[in-house]
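Novice: Please find one structure pasted underneath; my questions will follow.
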Amino acid sequence: MNNILINGYSCICNAGGDINEIFDNLINQNTSLLKKREDIIKGSSFYFGTAEKNLPEIKDERYNTRCNRLLLYCAECLDDKIKDLIKKYGPKRISVVIGTTNSGIDEYEASNSIFHTEISNPAGFIKKHYNLKGAHIGVSSACTSGIKAFIEAIYLLENNLTDAVIAGGADAISVMPSYGFNSLELLSDKRAIPFSKNRKGINLSEGAALFILEKEKAQNSFIIKGFGETSDAYHFATPDPAGIEASNAMVKALKYASLLPDDIDYINLHGTGTISNDIAEANAIYKVFKNKIKSSSTKGITGHALGAASAVESAFCLALIDKKINKNNLLYPHTYDNVYDDNLPLINLVKTNERKDNIKYIMNNALGFGGTNASIIFGREEDDEK
């Protein structure tokens, strides 16, 4: 794979609306950002992660959803870069790929507008907002949607179908999937503690992240070194506990990147805190990396943003290798109760205040409903090391 470059990124989630703020909250393990809510599921109280920044308004009712307002917040953070892209390539040569699962399903309940149910609605919104003429693609593959948006963008660029892609993911907290997760007994009435013996389930959340992808380098570029995607073909809602295809996704990403397992400096775990997902991921990680590579899940602080999760966490990964942000070479500590489940193979979870000199390559993992698995590897541009 030819290196595809990320020349800009932005993010919003319950941990903040600025990547520096988010980075600080993750490093400092600010668990107070997950809060109990009783207004989502009637008669029940669960922890959720809500983006609390003021979001921009959208006048066009076809696109007026919270999901798109989160996305517009990110777009406004990149507005100058996106406008420069349009001047550089023209609107016909810029495409949009956005991962989501909820889109505007809650708004549909009130509006009865078919537009609000379309998975391509967020991508179509960004295309219309900037009057772009390239492709717009909606990706919905459960928790892997954000990484799969990157993969679709890479295919567009590698096949010269476009010169730049605005890629990412967005999801807002939604009543319908919240009830669905509750019916599966996957929600936790306590803050999520992935890989703990005492884990009870997930905390749902919301967020969005956008990335500018090009073949040409810009100042402070990041590289997409490789990716891998597989499917368990095991069960609709439960991952294969052996983690066979999840590990294969990681191996494929390493192969694409021409890297060895020991070349990875840090792994952002999917780490939801459910019994079955943590079993599958721990087994998959151990198959490929043993307990050598520093790893952590950020969901004990941010919760699980569903279709936006792996996009938002990709922004977290870039912050770790962004020398303007991570000046002290810190790694995100794994946030849980420090009672590791000894039924799982041991993986090397990051402790508070751990550092790693010269962080260069980071893997981000996602394991989703339907047995969908995806891994992506980010790196720094060589010139940025000088």
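The values are calculated or read from the model by the stated rules, or taken from the named source; none is laboratory data. Here the structure is a predicted model, which means the values were calculated and not measured. All Cβ positions, glycine included, derive from the backbone under ideal geometry; neighbour counts span all protein chains shown. Accessible surface areas use protein heavy atoms only, side chains included; no ligands, DNA or RNA. Shrake-Rupley method; radii C 1.70, N 1.55, O 1.52, S 1.80 Å.
Novice: Taking all protein chains in place and a 1.4 Å probe, what share, in percent, of the accessible surface of the chain do carbon and sulfur account for?
Specialist: Answer for the chain: carbon and sulfur cover 47 percent of the accessible area.
Novice: Using R₀ = 35 Å, calculate the FRET efficiency as 1/(1 + (r/R₀)^6) where r is the Cβ-Cβ separation of Asn291 and Ala218; round to 0.05.
Specialist: After rounding to 0.05, the efficiency reads 0.40.
Novice: Could you run the Karplus curve 6.51 cos²θ - 1.76 cosθ + 1.60 with θ = phi - 60° over segment 257-267 and give me ³J(HN,Hα) per residue in whole Hz, x for Gly and Pro?
Specialist: In residue order, the calculated couplings are 7, 6, 10, 9, x, 6, 6, 7, 8, 6, 10 Hz.
Novice: Right, something else. Taking the highest mean first, how do the peptides 241-253, 7-19 order by number of other beta carbon atoms within 10 angstrom per residue?
Specialist: Ranked by mean Cβ neighbours within 10 Å, highest first: 7-19, 241-253.
Novice: Provide the gained length on full extension for the span Ala237 to Asp79, in nm with one decimal, where the gain is 0.36 nm per separating residue minus the Cα-Cα distance.
Specialist: Taking 0.36 nm per residue and subtracting the Cα distance, the gain is 53.0 nm.
Novice: Give the peptides 127-136, 312-321, 161-170 in descending order of average Cβ contacts within 10 Å, highest first.
Specialist: Final packing ranking: 161-170, 312-321, 127-136.
Novice: Could you sort out which of Lys92/Lys324; Lys53/Lys215; Lys215/Lys252; Lys148/Lys255; Lys35/Lys200; Lys92/Lys323 sit more than 24 Å apart by Cα distance in this structure?
Specialist: From Lys92/Lys324; Lys53/Lys215; Lys215/Lys252; Lys148/Lys255; Lys35/Lys200; Lys92/Lys323, over 24 Å: Lys92/Lys324; Lys53/Lys215; Lys92/Lys323.
Novice: Please list, in order along segment 131-145, the HN-Hα scalar couplings obtained from phi with the Karplus expression 6.51 cos²θ - 1.76 cosθ + 1.60 (θ = phi - 60°), rounded to whole Hz, x for Gly and Pro.
Specialist: 6, 7, 10, x, 5, 10, 10, x, 10, 9, 10, 6, 5, 8, 3
Novice: Let me ask something else. Straight-line reach from Lys294: which aspartates and glutamates fall under 17 Å, measuring Cα to Cα and dropping same-chain residues less than 8 apart?
Specialist: Once the sequence-local aspartates and glutamates are set aside, what remains near Lys294 is Asp262, Asp263, Asp265, Asp278, Glu281, Glu313, Glu354, Asp357.
Novice: If you average over every viewing direction, what projected area does the convex hull of the Cα atoms of segment 8-134 give, in nm²? Intermediate values should be presented prior to the final figure.
Specialist: On the way: hull surface 36.2 nm².
If you wrap the Cα atoms of segment 8-134 in a convex hull and average its projections, you get 9.0 nm².
Novice: For segment 172-186, in order, what is each residue's ³J(HN,Hα) by Karplus, 6.51 cos²θ - 1.76 cosθ + 1.60 with θ = phi - 60°, in whole Hz (x at glycine and Pro)?
Specialist: 10, 4, 10, 5, 4, x, 5, 5, x, 5, 5, 5, 8, 6, 9
Novice: Calculate, for the chain, the solvent-accessible area per residue in square angstrom, rolling a 1.4 angstrom probe over the heavy atoms of the protein chains.
Specialist: Per-residue accessible area for the chain comes out at 39 Å².
Novice: Highest mean first, what order results for 101-110, 144-153 on Cβ atoms within 10 Å?
Specialist: The most tightly packed comes first, giving 144-153, 101-110.
Novice: Where the centre of each part is set by its Cα atoms, how far does segment 67-85 sit from segment 117-171, in angstrom?
Specialist: With segment 67-85 and segment 117-171 each reduced to a Cα centre, they are spaced 14 Å.
Novice: In deg cm²/dmol and to the nearest 500, what is the mean residue ellipticity at 222 nm of the chain if only DSSP H runs of at least 4 residues count, each as -39500 (n - 2.57), divided by the residue total?
Specialist: Helix contribution divided over all residues of the chain: -9000 deg cm²/dmol.
Novice: Test of understanding: extend the Cα→C-beta vector of Ser44 to 7 Å, then name every residue of segment 281-307 with backbone N under 16 Å from that spot.
Specialist: It comes to 304, nothing else.
Novice: In addition: What are the residues whose amide H is under 5 Å from the amide H of Ile223, where those residues sit 5 or more places off or on another chain and H is modelled from the backbone?
Specialist: Residues meeting the amide H criterion: Ile6, Gly379, Arg380, Glu381.
Novice: Restricting attention to segment 197-237, which GluC sites (Glu not before Pro) occupy a DSSP loop and are surrounded by at most 14 other Cβ atoms within 10 Å? Before the final figure, lay out the partial values.
Specialist: Working: sites: Glu206, Glu214, Glu216, Glu229; in loops: Glu206, Glu216.
Loop-located and lightly packed - Glu216.
Novice: Using a Förster distance of 51 Å, how high is the FRET efficiency between Leu184 and Lys88, based on the Cβ-Cβ distance and rounded to 0.05?
Specialist: That gives a FRET efficiency of 0.65.
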